[in-house]
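In what follows, a structure is listed as structure tokens, so that the remarks can point back to it.
The values are calculated or read from the model by the stated rules, or taken from the named source; none is laboratory data. Keep in mind it's a predicted model, so treat the numbers as computed, not measured. In this analysis, Cβ positions are derived from the backbone assuming ideal geometry, glycine residues included, and neighbour counts consider all displayed protein chains. These area figures cover heavy atoms from the full protein model, side chains too; ligands, DNA and RNA do not enter into them. Shrake-Rupley method; radii C 1.70, N 1.55, O 1.52, S 1.80 Å.
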Amino acid sequence: MTKLFLSLHVLVAVVAVGPVTVAAGMFPPALRRARRVAGDVPGDRDAFAVLRTLHRICRVYATVGIGVPVFGFATASSLGVLGDGWLIASILLTAAAAAVLALLILPVQSRELAALGDATAGPDPRVPGRLSMLTGVFNLLWATVTVLMIIRPGSTTGV
């Protein structure tokens with residue numbers, strides 16, 4: 001069962017976290033372009049469609065990403081490493097990445113989509129930069145978790 005859980009853990013991580021990482025990273029520049037286009041051509045469907053699609057990718061794959069810790073706990077339990085420091089650190093970093101995505105990135109994306117559709121709302125020029133920074137933090141957290149999963153202090157693989 002351990003090999004099955006580990007395989008599912010890695011597959012869900014690649015399939016779920018990868019698209020969120022890419023879509024969240026593409027959202028700020030697309031937002032800048034949509035704002036420029038909206039200033040010139042109000043209601044441009046292509047600019048809004050791109051933003052809506054990127055936001056939908058982030059939301060859907062974030063939901064699918066719940067499987068990463070589920071299969072991770074199953075794998076760790078079957079390996080008997082639930083109390084290891086590297087795993088606890090990985091769990092905390094994963095929780096932090098999930099919080100950044102769910103509490104900071106996704107709500108800001110939603111607000112910006114709503115603001116683009118509202119002609120009375122003035123855009124905050126700092127938002128794309130903040131979203132870029134938050135996405136960078138999210139990506140750094142996941143990269144750190146990935147490194148911890150590969151290096152695993154005390155690993156018996158000798159790698």
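Can you tell me what percent of all Cα-Cα pairs in segment 21-113 are more than 21 Å apart? Tail of the P(r) past 21 Å holds 46 percent of the pairs. Taking all Cα pairs closer than 8 Å and separated by 6 or more residues, the relative contact order of the chain comes to 32 percent. Applying the Karplus relation 6.51 cos²θ - 1.76 cosθ + 1.60 with θ = phi - 60° to segment 67-82 yields 3J(HN,Hα) values of x, 4, x, 4, 6, x, 5, 4, 5, 4, 5, 5, 8, x, 10, 4 Hz, where x marks Gly and Pro. For helix 106-117, what angle does its Cα long axis make with the longest principal axis of the chain, in degrees from 0 to 90 and rounded to 10? With both axes taken from Cα atoms, the answer is about 10 degrees. Heavy atoms of the protein chains alone define the surface here; on that basis the chain has 57 Å² accessible area per residue at 1.4 Å probe size. Over the chain, dividing the summed -39,500 (n - 2.57) contributions of all DSSP H runs of at least 4 residues by the number of residues returns a 222 nm mean residue ellipticity of -25000 deg cm²/dmol.
In terms of the mean number of neighbouring beta-carbon atoms within 10 Å, the peptides 143-149, 14-20 order highest first as 14-20, 143-149.
Tell me, what does the Kirkwood hydrodynamic radius of the chain come to in angstroms if you use every pair of distinct C-alpha atoms? Before the final figure, lay out the partial values.
Details: mean 1/r = 0.0587 Å⁻¹.
Mean inverse Cα-Cα distance, inverted, gives 17.0 Å.
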